[in-house]
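Asks: Take a look at the following structure, please.
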Amino acid sequence: MDCIFCKIISGEIPSKKVFENEHVLAFNDIAPQAPVHAIVIPKQHIASADEINRFNSPVIASIFEAIPKVAKECGLTNGYRVITNVGEDGCQSVKHLHFHVLGGKKLPEKLS
Ligand code: AMP
């Protein structure tokens, strides 16, 4: 499958890993939009949050269990933001479900 994030999972594309377990991988974003910008992904290929269903939803719990560990690893002791972009209007550029973890400064109040 021609998916950048699947290639990061397989090691075909290098990444700066910040957390990994059986179901989840987190790595630094290549073009950070905040002092800390990690990407948290399921190892299972799910195209976007719009593809979450009762069969694959357990991995979403795994992701949200991993996020506090990612935040701790990245030194985010004063809060952070978790975002997932979905589809065309959401400006999703990589079609593998991912959650941006942003922090390291006071983030803008408005999201759009
Ligand atoms: P989105 O626009 O929500 O689909 O976010 C995709 C994110 O993946 C962007 O913030 C990109 O900078 C990031 N990204 C794309 N390719 C890589 C890569 N090879 N390593 C790390 N982050 C990447």
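The values are calculated or read from the model by the stated rules, or taken from the named source; none is laboratory data. All values derive from a computational prediction rather than experimental measurement. Positions of Cβ are backbone-derived with ideal geometry, glycine not excepted, and every protein chain shown enters the neighbour counts.
Asks: Specify the residue that is nearest to Gly79 (Cα to Cα); the eligible residues are those in the stretch 23-57 that are charged (D, E, K, R) and over 13 Å from the mean Cα position of the chain (by Cα).
Replies: As a first pass, look at the stretch 23-57 and keep what is charged (D, E, K, R): 29, 43, 50-51, 54.
Checking the rest, the ones that are also over 13 Å from the mean Cα position of the chain (by Cα) come to 50-51, 54.
Numbers: Asp50: 26, Glu51: 28, Arg54: 30 Å.
The qualifying residue nearest to Gly79 (Cα to Cα) is Asp50.
Asks: Let me ask something else about it. Quickly run through the stretch 23-41 and pick out the residues that are near the ligand (Cβ under 10 Å from one of its atoms) and surrounded by 20 or more Cβ atoms within 10 Å (Cβ to Cβ). Full working, then the answer.
Replies: So in the stretch 23-41, the residues near the ligand (Cβ under 10 Å from one of its atoms) come out as 27-33, 37-39, 41.
Phe27, Ala38, Ile39, Ile41 - these are the residues of the stretch 23-41 that are near the ligand (Cβ under 10 Å from one of its atoms) and surrounded by 20 or more Cβ atoms within 10 Å (Cβ to Cβ).
Asks: Restricting to the stretch 69-82, give me the number of residues that are of a type in the set (Val, Ile, Thr) and assigned to a helix (DSSP H, G or I).
Replies: Quick first cut of the stretch 69-82, residues of a type in the set (Val, Ile, Thr) only: 70, 77, 82.
With assigned to a helix (DSSP H, G or I) added as a condition, the list becomes 70.
Total satisfying the criteria: 1.
Asks: If you check Thr84 against the conditions, is it hydroxyl-bearing (Ser, Thr, Tyr), under 24 Å from Leu111 (Cβ atoms) and surrounded by 12 or more Cβ atoms within 10 Å (Cβ to Cβ)? Write out each step before concluding.
Replies: Details: hydroxyl-bearing (Ser, Thr, Tyr): yes; under 24 Å from Leu111 (Cβ atoms): yes; surrounded by 12 or more Cβ atoms within 10 Å (Cβ to Cβ): yes.
So Thr84 passes the test.
Asks: Within the stretch 5-22, which residues are over 12 Å from the mean Cα position of the chain (by Cα) and surrounded by 16 or more Cβ atoms within 10 Å (Cβ to Cβ)?
Replies: Correct list: Cys6, Ile8, Ile9, Ser15.
Asks: Need pairs with beta-carbon distance below 6 Å; first residue under 21 Å from Leu97 (Cα atoms) and within the stretch 64-80, second part of a helix (DSSP H, G or I); sequence gap 6+ or separate chains.
Replies: Tyr80/Ala71
Asks: So which of Ser57, Ser48, Ser112 ends up being polar (S, T, N, Q) and either closer than 18 Å to Phe5 by Cβ or touching a Phe, Trp or Tyr at 6+ places or on another chain (Cβ under 7 Å) (or both)? Steps first, please.
Replies: Numbers: Ser57 fails: either closer than 18 Å to Phe5 by Cβ or touching a Phe, Trp or Tyr at 6+ places or on another chain (Cβ under 7 Å) (or both); Ser112 fails: either closer than 18 Å to Phe5 by Cβ or touching a Phe, Trp or Tyr at 6+ places or on another chain (Cβ under 7 Å) (or both).
That would be Ser48, the only listed residue that is polar (S, T, N, Q) and either closer than 18 Å to Phe5 by Cβ or touching a Phe, Trp or Tyr at 6+ places or on another chain (Cβ under 7 Å) (or both).
Asks: Kindly establish whether Thr84 is away from the ligand (no atom under 13 Å from the Cβ) and either touching a Pro at 6+ places or on another chain (Cβ under 7 Å) or at pLDDT 95 or above (or both). Don't jump to the end; show me each part of the working.
Replies: Working: away from the ligand (no atom under 13 Å from the Cβ): no; either touching a Pro at 6+ places or on another chain (Cβ under 7 Å) or at pLDDT 95 or above (or both): yes.
Criteria not met by Thr84.
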